[in-house]
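Each remark here refers to the structure printed beneath this line.
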Amino acid sequence: MNMSLNQFIETELNEQQRQAVLKKDGPLVVIAGAGSGKTRVITARIAHLILNEGVPASAIVALTFTNKAAREMQERIGNFLPKSAPLPFIGTFHSYCLRLLKSNPHVSDMPFFTILDADDQEKIIKDILARNNIDRKISPKQLLYQISALKNMTYSAEHQQYGMPHEHLLQQIYQCYEQEKRASKALDFDDLLHYGLQLFANESFKQEFQQIVRHLLVDEYQDTNVIQHELLKAIAKDAHNKFAIDSLCIVGDEDQSIYSWRGATITNMLNFSKDFKDTATIKIEQNYRSVQSILDIANHVIQHNQQRNPKKLWSTKQGANRIKNIVCMSEYQEGDAIAIIGKILQQQQQLGSCAVLYRTHFQSRAIEEALIRANVPYRIFGGVQFYERREIKDLLAFARLVANPFDRPAFFRIINVPPRGLGQAFETEFYDRWALEPFCTFTQIAQQLIALGIVKQKKAAALLEFTDIFKDLSLQSAPLEVFEQIIKRSGYLQHIKTSEEPQEAQARLDNIQELMRAIEHFQREGMTTVEQLLDEIALMQERSSRQHEDADTLTLMTLHAAKGLEFDTIILAGLEDGLLPSARSVDNESAVEEERRLFYVGITRAKERLLLSRSRYRYTYGQMSDQLPSRFLREIPLEATTADDVRHMQPYQLKQYFNRWFANIEPQESQVLTFGAPSAYQPAQNISVEQPTVTTTLQATLKGIRPHQPVSHATFGVGIVQATEQKDEKVYVTVKFKAGTKKVLAQFLKTI
């Protein structure tokens, strides 16, 4: 078995990886770029310490961030060791601190018996708010988010205590929460790190620990927060701030630090050598995942960041025509293009080797609809399908009651959303009454319960407030008007803002805004009633549910969810300023750098092919809004990839375009792009991403101007074609502009 490990080190590792494995003593930073094989370095290093250096397993601790990563490392190390050999501790920071606290209860000043989960924590906060008659609008989840941030980000090592908030109310709630936990002899997950760190303030415990644990390894170090870094210093240093163990090896890549909103701080890795003197640094830059052309653009983009250790990924894998950069007309054409790629890969039985990545969840909606229409099976990794998301189902339930006031599941879903103090007893009374009067609407049942005195006072007022939401809304109402009134009257947006953590609340608000864009789109497609809209959504959901889970499926996910994964083909969608980087990041250089790291992570997921996609226009509030290309696209050298303008391509032309790409056939320069009758393959026009594209004047005929085509007018600006008609020899076009719907002569319009 020993020979097997040595053989692995000699034949399966490159020179930099071998150096990282064989360096035994002192602090060591291993900067492991994307796809560079960092897990094999950590596992081979641990196996080398045990088999070649004679280090007992009990003297080694390896910390990581997920149980999945820990299990993978255990399995790999076990393959090198004899079957009966003990394994070192390999697990998360939290699990290791729990082990230390459980095995050293006499040292900790906080004896405990239980660990609180999220529901337990929320219950404590709710009780505190209720006992102190604090406004119900304060969200327990948001309070817990702020308390957690205090513990993980503003911890003071000098005073061995958490930093206290300046806001008086939060400070009071914070203190009550801590007192309640202490009385219950319970800890939350953040406490595990805090009290684990406090153990090392005990000098005798620290000395005893350091006599046993001599080698410490930490994976994904760029994702550590302040308190985790303090814990590492406490483990590895003595009372005089000197290095006290044999080795400390951290492995990470600051270019993949994308979790600042969770408390992770990139400075832990960048400043590691300041906290640990005589730190050795090894860079692992050979990438085993991607072809070189993909790495080239990744290297060019990330070098624009200032907060990083310079490095340059390289690969022995070569390949031509591996990157496409396309400009679509709108998010709907972008979705159609992705669906066409999906059909091509489905026919080749390679659909599972492709992933579509986007910045935020709401971007999946237009893509999902295109995939469903094309019958391309897909899955949302780390999330749920758009029309299955809670906030979307809530608002659809309101609309279902407009279309069908007998819809019981819809009524009971949203009678207490937002909370109205109508509990389970009320719902039982309402259900029983409705069962006796099955031909009554929910409004009529509500009126009966109030008239009979079954529902009184506050509950009666709350019930009337609920029924008023639907006043004057009917099947004849336009869908957009119905949803606007539902959102306004129900106070649903405020409910989301006050009931969720900030990051989650913003994601749900973005989804609601995207739902409104979808409704606008459906109305443009001729669905003018709530009933038609709900039927279309139900049909899409039914078609989606028929897709087999075990089928070859396309993967859709956010860029955050993609970290650590890899696919043959990666599609990066929505590469526009305001989406990537997000609109909330553009005024903060540090935030822009993290957004750039997200883009870098997305690029480096691709093994063989990469499609960069953006839309020239997006529908917002009934209008087409100009979209500027992501600033990150402008950081890609012109010789690396040029933007192909596919805005005016028909579906058959897009299919030809992508078929040739997957066949590695380069378009011939002699071919000319036209938009006339179908002919042989026509390549896309190359355009610069430096500036918005220029509009093109087409012949003013019915053939050139079609419904849903964006057009511009010298006076009215940009609008969407609603209809065309020909009278005598003149062509009249009905266009929806921001100023209203106008009928103008085609000769005064330009297509976009």
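Full extension of the chain between Phe412 and Phe89 gives 111.4 nm of extra length, using 0.36 nm per residue less the Cα-Cα distance. In whole Hz, with x marking every Gly and Pro, tabulate ³J(HN,Hα) for the range 366-373 from phi via Karplus 6.51 cos²θ - 1.76 cosθ + 1.60, θ = phi - 60°. The phi angles translate into 5, 5, 4, 4, 5, 5, 5, 4 Hz. Students often get this wrong: which residues of the range 385-400 have the backbone nitrogen under 18 Å from the point 7 angstrom along Cα-to-C-beta of Arg584? Once the point is set 7 Å along Cα→Cβ of Arg584, 390-392 turn out to lie under 18 Å by backbone N, inside the range 385-400. All C-alpha to C-alpha distances of the chain, sorted into 20 Å bins beginning at zero, yield P(r) values of 14, 40, 34, 12, 1 percent in whole numbers. A simple spin-label model places pseudo-atoms 7 Å from Cα toward Cβ; at Gln726 and Arg373 they are separated by 2.6 nm.
When DSSP beta bridges are restricted to pairs lying wholly in the chain, around 40% turn out antiparallel. Accessible surface calculations at 1.4 Å, restricted to protein heavy atoms, place the chain at 45 Å² per residue. Using only side-chain charges placed at the Cβ, +1 for Lys and Arg and -1 for Asp and Glu, the dipole size of the chain relative to its Cα centre rounds to 480 debye.
Note on His648: accessible area approximately 40 square angstrom, rounded to 10, probe 1.4 Å, nucleic acids and ligands left out. Measuring only protein heavy atoms, the 1.4 Å probe finds Lys750 accessible over about 100 Å².
Note on the range 280-394: percent of Cα-Cα distances in each 5 Å bin, starting at 0 and stopping at the bin with the largest distance, equals 2, 9, 14, 16, 16, 15, 12, 9, 5, 2, 0, 0. What separates the Cα centres of the range 546-605 and the range 421-476 is a distance of 45 Å.
A 1.4 Å probe, protein heavy atoms only, puts the accessible area of Tyr657 near 0 Å².
Rounded, prolate or oblate: which fits the range 575-617, taking a ≥ b ≥ c as square roots of the Cα gyration tensor eigenvalues, rounded meaning a/c under 1.5, else prolate when a/b beats b/c? Taking the square roots of the gyration eigenvalues as a ≥ b ≥ c, the range 575-617 is oblate. For the range 141-148, backbone phi angles converted through the Karplus equation (6.51, -1.76, 1.60; θ = phi - 60°) give residue-by-residue couplings of 5, 5, 5, 5, 4, 5, 5, 4 Hz, Gly and Pro being listed as x. In this structure, the residue pairs whose Cα-Cα separation is over 19 Å, taken from Lys123/Lys458; Lys151/Lys233; Lys68/Lys317; Lys488/Lys742, are Lys123/Lys458; Lys68/Lys317; Lys488/Lys742. Kirkwood radius, the range 476-615, all distinct C-alpha pairs, inverse of mean reciprocal distance: 18.2 Å. Each Lys or Arg adds one and each Asp or Glu takes one away; over the other residues whose Cβ falls under 11 Å from the Cβ of Ala244, this sums to +3. Scanning the chain for GluC sites (Glu not before Pro) that sit in a DSSP loop and have at most 10 other Cβ atoms within 10 Å, the longest stretch containing none of them is 159-548.
The values are calculated or read from the model by the stated rules, or taken from the named source; none is laboratory data. Just so it is clear, the model here is predicted, and its values are computed rather than measured. Quick reminder, even Gly has a Cβ in these numbers, built from the backbone with ideal geometry, and neighbours come from all protein chains shown. Please note that ligands, DNA and RNA were not included when accessible areas were found on the heavy atoms of the full protein model with its side chains. Shrake-Rupley method; radii C 1.70, N 1.55, O 1.52, S 1.80 Å.
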